[in-house]
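Undergrad: My questions all concern the structure below.
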Amino acid sequence: MKKLLRCRVTLFLLFGWVALSVAGYLGKDSRYKNYTMDARYTPYFVPVLQGIHDGIFPWSSEPSEFWEQWEQRWQKGPEGSGGFVAGTELSEDRETSVAQGNGTPSSGADAGSLDGNTGIPDTTESAGAGDMPAGGNGTSGTAASGEDAGETLPRQNEADGETGIPSDGAGGQGGEAGLPAGENGGGTGGNASEGAPEDGSGETQPTAGEAAPKSFTDVDESYFDDAVFIGDSRTVGLHDYSGLDNATFYASVGLSVYDMWTDAFCEVDGKKITLEEALLARQFKKVYFQIGINEMGRGTVDGFITAYSQSVQKLKELQPDAVIYVQAIMRVAKEKSDSDPIFNNKGINERNARIAQLADSRTVFYIDVNEVVCDPEGNLRDELTFDNLHLLGSKYDIWVSFLKTKGIL
Amino acid sequence: MVFSSFEFLFRFLPVFLFFYYTAPKNWKNFILFAGSIVFYTAGEAEYVLLLFVCVLVNYLFGRFMYVNIDEGRGVKQTVLLTLALCYDFGVLFYFKYSGLAGRLPLGISFYTFQIAAYIIDVYRGKVPAEKSFIRLGTYLTMFPQLIAGPIINYLTVRVSLKNRAVTLAQFEEGLRTLILGLGAKVIIADRIGLLWNNIQSIGFESISPQLAWMGAFAYSLELYFDFAGYSMMAMGLGRMLGFEIPVNFRHPYASRSVSEFWRRWHITLGKWFREYVYIPLGGNRRGKGRTFINLAVVWSLTALWHGADCNFLIWGASLLVLLGLEKLFLLRFLEKSRILGHVYLLFVVPLTWVAFAVTDIGQLGVYFTRLFPFFGETAAMVNRLDYVKYMNSYWPLFLLGAVFSTPYPVRIYEAVKKKWAGTIAVALILVLDLYYLAISTNNPFMYFNF
């Protein structure tokens with residue numbers, strides 16, 4: 001016994017293993033239900049550690065609600081913490097919007113940690129559990145959780161349709177703000193080909209629901225002088241390697257539509273501020289938005305598109321004079337697409353189809369860079385990428401050239 | 001099944017250790033042999049038979065080589081040795097270099113060298129042929145060192161194979177070594193390796209010279225902490241089972257010449273080449289010219305052992321040139337100053353590792369023109385300030401890597417390991433190990449950061 005007491009690390013390991021495993025086991029259907037794991041290969045304490053990384057602690061309150069809250073934040077609209085801030089210049093044409101008393105939770109602390117910055121952790125597959133057949137599990141687990149969320153979602157969507165959008169409508173924006181899927185579907189189809197007259201209706205007037213659709217023209221680099229690019233690591237790459245030094249970039253590696261309004265990731269005058277603060281501080285004429293790959297594997301497509309369209313709506317309100325480009329999610333290379341149960345082109349195409357529906361060809365335009373970076377099969381061309389996810393630094397000019405064909409004047 | 005996986009650490013290992021510790025003494029080798037076969041099968045079911053046959057063939061050749069212990073070395077022994085080596089290296093050649101086999105069987109480079117050393121030692125009469133098939137099998141397949149070394153000489157574990165003590169204190173010591181080795185891999189190597197990955201994703205033609213140098217250092221640190229960490233885990237596991245597995249790395253980046261570096265990097269491989277190639281060829285006792293030829297042979301083989309691609313030959317050749325220059329005059333020059341040697345080493349070794357890392361010759365050329373931009377311009381869309389961005393996120397890992405490349409942390413640990421400070425340090429590293437392992441484990445919610 002005395003000998004055993006001298007083995008302190010052994011005792012620490014055994015005690016910690018048992019304690020955390022109990023915590024993980026008890027929480028496996030509540031707190032940690034969205035972490036897929038297979039007990040044959042993974043100890044029960046693993047979700048506990050993964051939870052700590054995500055800010056879910058074994059002692060967190062109402063843990064089982066966490067994931068629902070996350071999605072609901074976006075479905076509740078203005079009342080939710082992701083709702084709109086009433087900037088003075090914006091609120092005039094709207095009844096006093098909700099003042100943001102409930103302080104958007106700053107998950108910045110978490111994302112700011114070293115790990116959050118280290119970039120593309122694709123190596124983890126080979127580094128760690130490369131031979132763990134958990135991939136299969138992951139899929140089934142995710143599917144299960146997807147179903148779970150699916151049950152609650154339709155109801156929330158209805159609620160959304162009733163409460164979220166009309167509250168904007170009341171502000172006088174008419175049907176356009178709501179963008180019912182049916183109506184847009186038609187509008188999007190003709191988006192690129194439709195040779196609509198280019199007159200617009202003078203200024204881009206969000207209130208002018210009757211404005212005629214606009215079409216794309218070729219532009220030069222100065223077009224991006226008053227443009228802002230918002231997005232994830234792909235947009236970070238565009239910032240680093242496009243040579244578009246005249247444009248503004250608010251982008252961050254790992255950014256998702258769920259945290260883009262809460263994380264302070266926009267660098268303005270050497271300070272990190274939230275996107276909302278940044279967009280209130282400066283008005284742009286063009287907003288380029290590309291996001292949506294990090295969200296795969298989290299929540300449902302419906303939940304994603306709700307959060308996405310809320311974000312677009314918010315961009316419109318923060319930048320009332322801007323043309324908003326919703327960019328298709330860039331696809332991944334064949335090797336990745338064929339082997340990954342989550343990050344594959346089928347899933348990307350599914351999301352892109354929904355994003356395309358948000359365009360109205362008046363203030364919101366859908367552009368798809370995949371037209372110029374993919375092979376006929378629709379996979380990101382191998383010679384353009386090393387990691388199957390991102391363009392090589394020297395290939396971002398393809399994207400830039402593409403953007404230059406999509407000017408709206 | 002790699003050591004740095006939950007499957008190994010918290011599933012295979014506890015179950016195996018339970019059987020291993022509860023088994024009676026004379027069953028332990030069998031349990032270890034069987035456990036190792038299970039371990040190997042989990043990673044490489046296809047070629048487990050090949051491993052088994054390797055043990056059997058060499059067991060039989062060893063047994064037939066000497067019927068009596070006082071039988072001298074004759075034609076029979078030489079023929080048997082030749083046949084055994086032809087089999088061992090033939091299999092290695094077939095899988096690694098002929099291009100006929102699809103995939104390299106796991107660990108074959110390591111276990112081939114280990115069994116070849118055994119059969120040569122038997123031929124030389126340094127050790128008697130192992131009488132027990134189980135014992136020889138245990139030696140060769142022992143899972144702590146089966147897949148990535150260290151390469152253990154039969155002689156060093158011969159006594160332990162027959163009789164070894166397994167105590168609680170040894171378990172604790174082994175566990176600590178395992179935790180520290182795991183830390184080297186998951187806390188430093190895997191994370192600093194992401195920078196190298198980033199650089200590849202950007203494309204070599206688009207990185208600034210500063211980032212190119214950061215990449216060379218990052219890769220050097222990744223390689224070291226990955227491999228040394230793995231060797232440490234092997235030592236720790238060996239200790240838990242009652243074996244003394246030799247040290248494979250002695251802070252090589254603290255060396256002051258490439259010659260010294262290679263005496264401190266992958267020590268067991270260096271020893272193997274020394275003992276079974278360099279010395280038999282005459283070593284350095286036959287004049288300068290012959291010494292150089294011997295070195296050339298050793299380094300060509302070392303390069304080939306690491307891989308069959310062309311860049312490994314460039315890598316081996318660059319080391320050969322450096323070692324030759326050092327032997328001729330550089331060493332005397334470097335010894336004049338303490339600092340100079342360190343600077344020289346930290347300048348040239350990362351360059352050799354770049355040649356080791358980049359298998360495409362064209363790309364290797366691009367990388368070198370980025371390191372030395374005055375040699376020629378291959379740049380396309382370079383972001384001049386990219387290094388600032390990456391330095392901002394990677395400097396803690398560079399610092400950590402630099403500190404743990406020196407011998408000082410180990411010295412401090414040795415001084416306090418019996419005290420609470422040592423326990424707390426190891427416990428803390430254990431927590432970090434598991435945390436980083438958990439968040440990098442195959443998990444659809446975790447590995448998204450695009």
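Undergrad: At a threshold of 8 angstrom on Cα-Cα distance, excluding pairs fewer than six apart, so keeping six or more, what relative contact order does chain B reach in percent? Write down the numbers at each step before the final one.
TA: Details: 520 pairs, mean separation 75.5, N = 450.
Worked out over chain B, it gives 17 percent.
Undergrad: Looking at region B:219-324, which trypsin sites (Lys or Arg not before Pro) are DSSP coil and have at most 10 other C-beta atoms within 10 Å of their C-beta? All intermediate terms of the calculation are to be shown ahead of the outcome.
TA: Working: sites: B:Arg239, B:Arg250, B:Arg256, B:Arg263, B:Arg264, B:Lys271, B:Arg274, B:Arg285, B:Arg286, B:Lys288, B:Arg290; in loops: B:Arg250, B:Arg256, B:Arg285, B:Arg286.
Of the trypsin sites (Lys or Arg not before Pro), the ones in loops of region B:219-324 whose Cβ has at most 10 other Cβ atoms within 10 Å are B:Arg285.
Undergrad: Related question: Please work out the ratio of the alpha-carbon Rg of region B:260-335 to 2.2 N^0.38 Å and round it to two decimals. Please list the in-between numbers first.
TA: Details: Rg = 12.4 Å, N = 76, 2.2 N^0.38 = 11.4 Å.
Computed over Cα atoms of region B:260-335, the ratio equals 1.09.
Undergrad: Where in chain B is the longest stretch that carries no GluC sites (Glu not before Pro) classed as loop by DSSP and with at most 15 other Cβ atoms within 10 Å?
TA: Details: sites that count: B:Glu46, B:Glu71, B:Glu244, B:Glu335, B:Glu377.
It works out to B:72-243.
Undergrad: Turning to a different aspect of this structure: For region B:151-294, max minus min Cα coordinate along each principal axis, in Å, sorted largest first?
TA: Result for region B:151-294: principal-axis Cα extents of 59, 50, 23 Å.
Undergrad: Quick one: 3J(HN,Hα) in Hz for region B:243-254, Karplus 6.51/-1.76/1.60 with θ = phi - 60°, rounded, Gly and Pro as x.
TA: Working through the residues one at a time gives 10, 10, 8, x, 5, 10, 9, 10, 6, x, 6, 8 Hz.
Undergrad: Could you pull out every residue, at least 5 positions away or on a different chain, whose amide H is within less than 5 Å of the one on A:Phe229? Hs are placed 1.01 Å off N in the peptide plane, and Pro or chain starts have none.
TA: A:Thr248, A:Phe249, A:Tyr250, A:Tyr288
Undergrad: Another question, then. Points 7 angstrom from Cα along the Cβ direction at A:Lys28 and A:Asp225: gap in nanometres?
TA: Placing both labels 7 Å beyond Cα along the Cβ direction yields 6.2 nm.
Undergrad: Mean 1/r over all different Cα pairs, inverted: what Kirkwood radius does region A:217-374 give, in Å? Working shown, then result.
TA: Values: mean 1/r = 0.0625 Å⁻¹.
Final number for the Kirkwood radius of region A:217-374 is 16.0 Å.
Undergrad: Placing one identical point scatterer on every Cα of region B:6-164 and ignoring solvent, what is log10 I(q)/I(0) from the Debye formula at q = 0.12, 0.14, 0.16, 0.17 Å⁻¹?
TA: -0.54, -0.73, -0.92, -1.02
Undergrad: Are there chymotrypsin sites (Phe, Trp or Tyr not before Pro) in region B:383-427 that DSSP puts in a loop and that have at most 14 other Cβ atoms within 10 Å, and which ones?
TA: Sparse-neighbourhood loop chymotrypsin sites (Phe, Trp or Tyr not before Pro): none present.
Undergrad: Around B:Asp226, under 10 Å between beta carbons, what's the net of Lys plus Arg minus Asp minus Glu among the other residues? Before the final figure, lay out the partial values.
TA: Values: positive: B:Lys185; negative: B:Asp190, B:Glu222.
Surrounding charge for B:Asp226 is -1.
Undergrad: In whole angstrom, how far apart do the alpha carbon centroids of region B:331-410 and region B:70-105 sit?
TA: Here the two parts' Cα centres lie 39 Å apart.
Undergrad: What is the projected area of the convex hull of the Cα atoms of region A:335-384, averaged over all directions, in nm²? Walk me through the intermediate numbers first.
TA: On the way: hull surface 16.2 nm².
Result: a mean projected hull area of 4.1 nm².
Undergrad: Pull up all non-local amide H partners of A:Val323: gap of 5 or more, or a different chain, and H-to-H distance under 5 Å with H placed in the peptide plane.
TA: A:Lys286, A:Val287
Undergrad: With the contact rule set at Cα under 8 Å and sequence spacing of 6 or more, what percent relative contact order holds for region A:271-409? Spell out each step's value before the answer.
TA: On the way: 169 pairs, mean separation 33.2, N = 139.
Dividing the mean separation by the residue count of region A:271-409 yields 24 percent.
Undergrad: Filter the DSSP H helices in chain B by two things, a Kyte-Doolittle mean of at least 1.6 and an axial alpha-carbon span of 24 angstrom or more, and list the hits by number.
TA: Values: long enough: B:48-65 (26 Å, 2.16); B:75-96 (31 Å, 1.14); B:209-241 (48 Å, 0.65); B:287-306 (29 Å, 0.54); B:338-357 (29 Å, 1.66); B:386-405 (26 Å, 0.49); B:420-440 (30 Å, 1.87).
What comes out of the filter, once short or polar helices are dropped, is B:48-65, B:338-357, B:420-440.
Undergrad: Ratio of alpha-carbon Rg to the 2.2 N^0.38 Å globular estimate for chain B, to two decimals, please. Don't jump to the answer; show the numbers that get you there.
TA: On the way: Rg = 23.2 Å, N = 450, 2.2 N^0.38 = 22.4 Å.
In units of the globular-protein estimate, chain B measures up at 1.03.
Undergrad: Loop only per DSSP, at most 11 neighbouring Cβ atoms within 10 Å: give me the trypsin sites (Lys or Arg not before Pro) in region B:408-438, ordered by residue number. Write out the running numbers ahead of the final one.
TA: Working: sites: B:Arg411, B:Lys417, B:Lys418, B:Lys419; in loops: B:Lys417, B:Lys418, B:Lys419.
Of the trypsin sites (Lys or Arg not before Pro), the ones in loops of region B:408-438 whose Cβ has at most 11 other Cβ atoms within 10 Å are B:Lys418, B:Lys419.
Undergrad: So, one more: Any chance you could run the full-extension gain for B:Lys418 through B:Val431? It's 0.36 nm times the residue separation minus the Cα-Cα distance, nm to one decimal.
TA: Numbers: separation 13, 0.36 × 13 = 4.68 nm, distance 1.96 nm.
Extending this stretch completely gives an extra 2.7 nm.
Undergrad: Using only alpha carbons, build the gyration tensor for region B:280-377 and give me the equivalent ellipsoid semi-axes, biggest first, whole Å. It would help to have the intermediate numbers written out before the result.
TA: Numbers: eigenvalues 132, 86, 19 Å².
After scaling each eigenvalue by five and taking roots: 26, 21, 10 Å.
Undergrad: Using a/c under 1.5 as the rounded threshold, could you call region B:360-421 rounded, prolate or oblate? The axes a ≥ b ≥ c are square roots of the C-alpha gyration tensor eigenvalues, and prolate needs a/b larger than b/c, oblate otherwise. Let's see the in-between values first.
TA: Details: a/c = 4.79, a/b = 2.63, b/c = 1.82.
Because a/c hits 1.5 or more and a/b exceeds b/c, region B:360-421 counts as prolate.
Here, each number is a calculation from the coordinates, and none is a lab measurement. In this text the structure is predicted, and so the values were computed from the model without any measurement. Counting neighbours? That spans all protein chains shown, and the Cβs are built from the backbone with ideal geometry, glycine included.
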